[in-house]
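One structure below.
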Amino acid sequence: MSVNINSEGSSLQNKAPSGSAGYQDALDLAEAGNYEDALDGIMNYLVSSPTDAEALNDSGAILHCMGRSQEAIEHFEKARKFQPDASEIAWNLAETYLVVGRACDAVTMFEEMDKASTLNADLLNRAADALLGCDDLQGALNMLNWSLKLVPDQEILHPMIEVIQHKINEKKSE
């Protein structure tokens, strides 16, 4: 299964690790929106396969869908330890970091995501918004400029960048 967390919700694809009918049943339950039972099934599977990065990613995605994003982060981080190059895990982790207000942690993953061609303007723009929320003007400006590099025709970003740049200049002159 592949659960990608995105701003539109989640999308599920059945790709269960081989050898586990119970795991596939859990994926089917998640697909049907029965997250509690799906999580129970995946957690049972993880008892016998605690290093299965895909299952850890799936459990994290389900936890996130249940509104338990802090717990989801633990699962995604553990999944990355076992499969550090998995772009899907990085994506889910970055998305969840943004949701829980850990924009700086999300940003640390963006270079890697960019190299894997999984970084997009929407994620960068949401990171910029989160950074503005914690008064990191330079960080927000960097995210918006990066977003413009990826998708140059985002006209709405130009006035935002100007305002942020003006605020940065004001702070420097104080």
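None of the figures in this text is laboratory data; all of them are computed from the coordinates on show. Keep in mind the model is a prediction, meaning the values are calculated, not measured. Because the Cβ atoms are built from the backbone with ideal geometry, glycine has one as well, and the counts that use them run over all protein chains shown.
The table for this structure:
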| read-out | value |
| --- | --- |
| Computed helical MRE - 222 nm, the chain, DSSP H runs ≥ 4 contributing -39500 (n - 2.57), nearest 500 | -21500 deg cm²/dmol |
| Separation of the residue 81 and residue 174 label points, Cα + 7 Å toward Cβ, nm | 4.1 nm |
| Reported label for calculated Kirkwood radius over Cα pairs in Å given [x] 18.3; [y] 17.1; [z] 19.5 | [y] |
| Nitroxide proxy distance, nm - points 7 Å out along Cα→Cβ at residue 120 and residue 40 | 3.4 nm |
| Inter-label distance for residue 154 and residue 104, nm, one decimal - labels placed 7 Å from Cα along Cα-to-Cβ | 2.2 nm |
| Gain on full stretching of the segment that runs from residue 129 to residue 162 - 0.36 nm per residue minus C-alpha separation | 10.4 nm |
| Theoretical gain in end-to-end length, residue 138 to residue 32 [0.36 nm per residue, Cα-Cα removed] | 33.9 nm |
| Ranked 117, 69, criterion: other C-beta atoms within 10 Å, fewest first | 117, 69 |
